[in-house]
Amino acid sequence: MAATGNERVEPVCAGVVILATAAGSILRPGGASLLNFPVHMAMCRAMGRPRKFSREGVLQKAMPVFWQYGFAQTTLPDLEQATGVNKSGLYSEFENKEALFLACLQYYLETRNGDGALSAAPLGWDNIQKFLREAPRSVPGPQGCFSVNSLRELSALPPQAEKLITQNRAKLRKALKANVAAANPQADANALCELISVFFSGICIEANLNGNSARALKRRVDAFMQMLRAT
């Protein structure tokens, strides 16, 4: 398609100047037709528009929604309302709901995994007691553990979620075992680690119940630790 003299000059992306015909087509230098001009300009404007949100900020606001309602029950409008970012903005950063959930889970595991309590010197029962007291009520909002809560709907989660959760639980068991071994109990250390892991999952689920107070959690943990120290 050749220029006819009835075209107008338009600046477009990255400083490129092209000719727009009356029919709305774009001409490259030399006359080759490119695509519909309004469509091309809309694409350019979208690409040049600065992002008005941070990835971490979205994760911090979306995570409690998934935590409270679960992956399956969380809707796109829920996420838009919580994050203040519309669908196109969310999907420009995260491919879909599955990708956003995985990013939230990864962010949670990297920032709230209890390593501080379980790695303090000296290792032993005191570290485990502090971890059990603090981990289920470590942040405002949803209580318990996002990872443990997600186990309730594992079959509905994106496949990568199971891998992340399994890796994190293996890491937690390793940290627990180091502390149990340091306490030098008479009982088998592996069996005690499994018992602690099951107890932790239980108190995390209980933390979601209305009226489950920090005092009640402390009472349960202290009774459990008294039993462990006697082994």
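The values are calculated or read from the model by the stated rules, or taken from the named source; none is laboratory data. Just so it is clear, the model here is predicted, and its values are computed rather than measured. Positions of Cβ are backbone-derived with ideal geometry, glycine not excepted, and every protein chain shown enters the neighbour counts.
Does the range 120-147 hold any residues that are small (Gly, Ala, Ser), part of a loop (DSSP other than H, G, I, E, B) and touching a residue at least 24 places away in the same chain (Cβ under 8 Å), and which are they? Within the range 120-147, Gly124, Ser138, Gly141, Gly144 qualify.
Would it be correct to say that Glu98 is within 16 Å of the chain's Cα centre (by Cα) and touching a residue at least 60 places away in the same chain (Cβ under 8 Å)?
yes
Within the range 107-125, the set of residues being touching a Leu at 6+ places or on another chain (Cβ under 8 Å) and at pLDDT 95 or above comprises Trp125 only.
Before we move on, is Ala156 farther than 17 Å from Thr231 by Cα, in contact (Cβ under 8 Å) with a residue 60 or more places away in the chain and surrounded by fewer than 15 Cβ atoms within 10 Å (Cβ to Cβ)?
Details: farther than 17 Å from Thr231 by Cα: yes; in contact (Cβ under 8 Å) with a residue 60 or more places away in the chain: yes; surrounded by fewer than 15 Cβ atoms within 10 Å (Cβ to Cβ): yes.
So Ala156 passes the test.
All conditions but one from (1) at pLDDT below 95; (2) among the hydrophobic types (A, V, I, L, M, F, W, C); (3) surrounded by 14 or more Cβ atoms within 10 Å (Cβ to Cβ); (4) closer than 19 Å to Arg112 by Cα apply to Val221; the one that does not is (4). Would you call Val58 β-branched (Val, Ile, Thr) and at pLDDT 55 or above? It is true that Val58 is β-branched (Val, Ile, Thr) and at pLDDT 55 or above. The listed residues are Arg219, Arg215, Arg173, and the only one of them that is in contact with a Cys (Cβ under 7 Å, 6 or more places away or on another chain), without any contact (Cβ under 8 Å) to a residue 40 or more places away in the chain and farther than 26 Å from Glu98 by Cα turns out to be Arg173. A single entry from Arg215, Arg229, Arg219 fulfils the requirement of being of a type in the set (Lys, Arg) and farther than 13 Å from Arg133 by Cα: Arg229.
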